Structure formats: structure tokens, C-alpha cells
Ligand code: ZN
């Protein structure tokens, strides 16, 4: 089911999202939420990722579209309860936008590389390193889980 994408101004985007109990990941409620997030993101031509608070659910889940990590992959990457293990020293500036702040783009400095630990949709723990665009996206999405929007960090609007 495609859900409505919550827009800036709604307090759910400013909440700290809660961890998903690992025992509930495979349950119908979380599985349905992930399916809905995937379907909602699929409707957005310019969308590359989506966090659960953006569909009104303050839980620590985000999904990333294959177009930013592997064009040939068939499924979105799903990160549940992500934790940053390591950040590069170097920052890189990139332009960003957000499905919750339509028609606004700006330059945001973020760490060039990141290593994250999370659970996948089967409830299995994994770690993944990312650089450049994917690293930016992961940091943008984790910010959503902490109630932070890219406009809080923008250094210049485009
Ligand atoms: Zn966003």
C-alpha cells in the first residue's frame, strides 16, 4: 500500500524514532510497513530512500533504492535499527533533497565514508560500508530517525 509522505511541519519528523524489537522484525506489522515503504518509494521518480517517520511511523527503519547502490539489484536495501560504527575523517559536500521537503535542494557536508551495522528484513544483522552518494544517503536517513532534517545542516541552498 502506497502511504502518504509526511511533509515538514509535522511533529513526527522531529521525533526520535524507536528501535524495532528484533523479535518483531519478521512479524506481519513490520513486514507490512517495509512493503508499504518500498511501494511508496517506488512511486517517487526522484526518490532514492525513505525512512519510516516519513510515512508517519516513528520506528528506526529506512529503505534505499537499488539505483544508488546496484542497478541490477531487484530489491531495496532495508536498514533496521542502524548504528554507525565508523565515520571517515573527511567530509564531502553534495546536493541533497528530501521527499518530505518538496522542491528544496541544498549543499550538505557529510562524512565521505561510513560503516553501519543494522538488521535486514529477515532480522539478520549485517554490516555495510558505504562511500560518496550512498554514504550521504545513509547519514541523511539516520538523521530522519533522530528527528533531524537536511535543512538543519545545509550550508547553501540551490
Ligand atoms: Zn529525507
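Among the residues of the stretch 41-56, the ones that are under 23 Å from residue 105 (Cβ atoms) and either within 9 Å of the ligand (Cβ to nearest atom) or in a loop (DSSP other than H, G, I, E, B) (or both) come to 10 in all. Taken over the stretch 96-127, the criterion of being within 16 Å of the ligand (Cβ to nearest atom), in contact (Cβ under 8 Å) with a residue 40 or more places away in the chain, assigned to a strand (DSSP E or B) and over 16 Å from residue 152 (Cβ atoms) is satisfied by 102 alone.
The selection criterion, being closer than 24 Å to residue 5 by Cα, part of a helix (DSSP H, G or I) and within 12 Å of the ligand (Cβ to nearest atom), holds for residue 151. In the set 86, 59, only one residue is in contact with a strand residue (DSSP E or B) (Cβ under 7 Å, 6 or more places away or on another chain), away from the ligand (no atom under 13 Å from the Cβ) and closer than 20 Å to residue 122 by Cβ; that residue is 59. Contact annotation: residue pairs with Cβ atoms under 8 Å, 6 or more positions apart or on different chains, pairing a residue in the stretch 34-56 that is under 10 Å from residue 141 (Cβ atoms) with a partner that is within 14 Å of the ligand (Cβ to nearest atom) and modelled with pLDDT under 95, are 48/68; 49/68.
For residue 101, are the conditions met, namely being on the phi < 0 side of the Ramachandran plot and within 11 Å of the chain's Cα centre (by Cα)? No; evaluated as a whole, the condition is false for this residue. Exactly one residue out of 31, 7 is assigned to a helix (DSSP H, G or I), over 20 Å from residue 127 (Cα atoms) and in contact (Cβ under 8 Å) with a residue 12 or more places away in the chain: that is 31.
Does the stretch 63-77 include one or more residues that are in contact with a strand residue (DSSP E or B) (Cβ under 7 Å, 6 or more places away or on another chain) and over 18 Å from residue 142 (Cα atoms)? Within the stretch 63-77, not a single residue is in contact with a strand residue (DSSP E or B) (Cβ under 7 Å, 6 or more places away or on another chain) and over 18 Å from residue 142 (Cα atoms). Surrounded by 15 or more Cβ atoms within 10 Å (Cβ to Cβ), in a strand (DSSP E or B) and either on the phi < 0 side of the Ramachandran plot or within 13 Å of the ligand (Cβ to nearest atom) (or both): does that describe residue 80? In short, yes.
The values are calculated or read from the model by the stated rules, or taken from the named source; none is laboratory data. Fair warning: this is a prediction, and the values are worked out from it, not measured in the lab. Every residue, glycine among them, receives a Cβ derived from its backbone with ideal geometry; neighbour counts consider all protein chains shown.
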